[in-house]
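Here the structure is laid out as structure tokens; the discussion comes afterwards.
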Amino acid sequence: MSRRHRTGHMRGAKGRRKRLDLARRDGARCFYCRAPFTDPATEATFDHYLPYALWPTNVHCNLVLACQGCNHAKGDTLPLGLLLALRPWLTRAQLAVAA
């Protein structure tokens, strides 16, 4: 099964409704580069703020809208802001792997 078609991934009408809900919550912009979406229901992609590999669930609080480029660039890494917040608790070896 490809990453694009995970079990429980929202496609069709359900996915469009979820994207519109997230656009209302966060604004109709990419979470990372802040580029506006003219139609978030079709242009935006779902991104798991905490990577799906670490927390395999589609809960609303972990989903953000991202443009295709930002979503692909982030991949399964933790966002920089979260890494900086966790820095006091991480060892040098863990920080080197994360970078």
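Each value in this text was obtained by applying a stated rule to the coordinates, not by laboratory testing. Only a predicted model underlies this, so the values are computations on that prediction, with no experimental measurement involved. FYI the Cβ positions are ideal-geometry reconstructions off the backbone, even for glycines, and counts take in every protein chain you see.
The table for this structure:
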| quantity | calculated |
| --- | --- |
| Hz values of 3J(HN,Hα) by residue in the range 58-68 - Karplus curve (6.51, -1.76, 1.60), Gly and Pro given as x | 10, 5, 4, 6, 9, 9, 9, 9, 9, 6, 4 |
| Per-residue HN-Hα couplings for the range 26-33 [Karplus 6.51, -1.76, 1.60; θ = phi - 60°; Hz; x = Gly/Pro] | 10, x, 8, 9, 5, 4, 9, 9 |
| Residues whose placed amide H lies under 5 Å from that of residue 29, excluding near-sequence neighbours | 37 |
| Karplus-derived 3J(HN,Hα), 6.51/-1.76/1.60, for each residue of the range 13-18, Hz, glycine and proline x | 4, 4, x, 4, 4, 5 |
| Relative packing of peptides 63-69, 30-36, 11-17 - highest average C-beta neighbours within 10 Å first | 63-69, 30-36, 11-17 |
| Stretch gain in nm, segment residue 41-residue 61, where the contour uses 0.36 nm per residue and the Cα spacing is subtracted | 5.4 nm |
